[in-house]
Amino acid sequence: MRIGEDQQEFEILPEEDQPVVVPEPGPPRQPEDTPA
Amino acid sequence: VSDADPVLPELVVGAWRGYRVWRIKGDRLTGWWHTGYVWAPGSSEASCDARRWNLRGRHARHPGLPAPQRDCACGLYALEEPWDFAGYLPSRHFGVSSEANAIIGVVAGWGRAFRGEFGWRTQFARPVALYRAAHLDGEQVDRIAHRYGCQVVEGRSELLGLADQHA
């Protein structure tokens, strides 16, 4: 298969390798927020 | 990645999809030109067996480096554009000389990559779908698809739709 002479270089990250963004922790829960 | 640093490859997210042709060998897929290269179920990783000569003999073209590399032909290949299904393979496009054991499909590629005008070559790839052409043994195609965990398609629109999706 011929893909052409002028080739540009890439690094492809599959979707599952995307960095995981961890959300900032929220304020501490109050006792009434805690499920029974 | 800025234009000021041409050394670094451009970073993209999400595997590319394209079209390619394999040879059928039993219930396995091999490369078209490199028939000794058997695609692995799941993802396959490119290797390079290119050699160059110097005064001390024959050596690997880019020892210790992963495939594909610039100025080499290594990598797992795919083409950007589909073809007309007219009962034949477009030999001028795919380099196919005989349909007898040829199977076309959609492939996803990722990792190191080089992209040209007509297609790309990557470090990793996996079959996404196989086209069950009329000249093929349908049951054999089903077995191969099961082995590789990919779909079987029979229509042009279905294949084109899969190629347009992200992996």
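The figures follow:
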quantity	calculated
The lone exception for B:Trp53 - which of (1) surrounded by 15 or more Cβ atoms within 10 Å (Cβ to Cβ); (2) assigned to a strand (DSSP E or B) it fails	(1)
Residue within the stretch B:14-33 that is in contact with an Asp or Glu (Cβ under 7 Å, 6 or more places away or on another chain), closer than 20 Å to B:Arg132 by Cα and either at pLDDT below 80 or part of a strand (DSSP E or B) (or both) present	yes
Some residue of the stretch B:156-164 being touching a Lys or Arg at 6+ places or on another chain (Cβ under 9 Å) and either closer than 17 Å to B:Tyr77 by Cβ or part of a strand (DSSP E or B) (or both)	yes
Some residue of the stretch B:107-127 being at pLDDT 90 or above, away from every other protein chain (no Cβ under 14 Å) and in a loop (DSSP other than H, G, I, E, B)	no
Test: B:Glu154 is among the charged types (D, E, K, R), within 14 Å of chain A (Cβ to nearest Cβ) and surrounded by fewer than 14 Cβ atoms within 10 Å (Cβ to Cβ)	no
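Yes/no matrix, rows are residues, columns are (1) small (Gly, Ala, Ser); (2) farther than 15 Å from B:Gly31 by Cβ; (3) modelled with pLDDT under 90:
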site: B:Arg70; (1), (2), (3): no, yes, no
site: B:Trp83; (1), (2), (3): no, yes, yes
site: B:Leu89; (1), (2), (3): no, yes, yes
site: B:Phe94; (1), (2), (3): no, no, yes
site: B:Ala100; (1), (2), (3): yes, yes, yes
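The values are calculated or read from the model by the stated rules, or taken from the named source; none is laboratory data. Quick caveat: nothing in here was measured; it's all calculated off a predicted structure. Glycine gets a Cβ as well: all are built from the backbone with ideal geometry, and neighbour counts include every protein chain shown.
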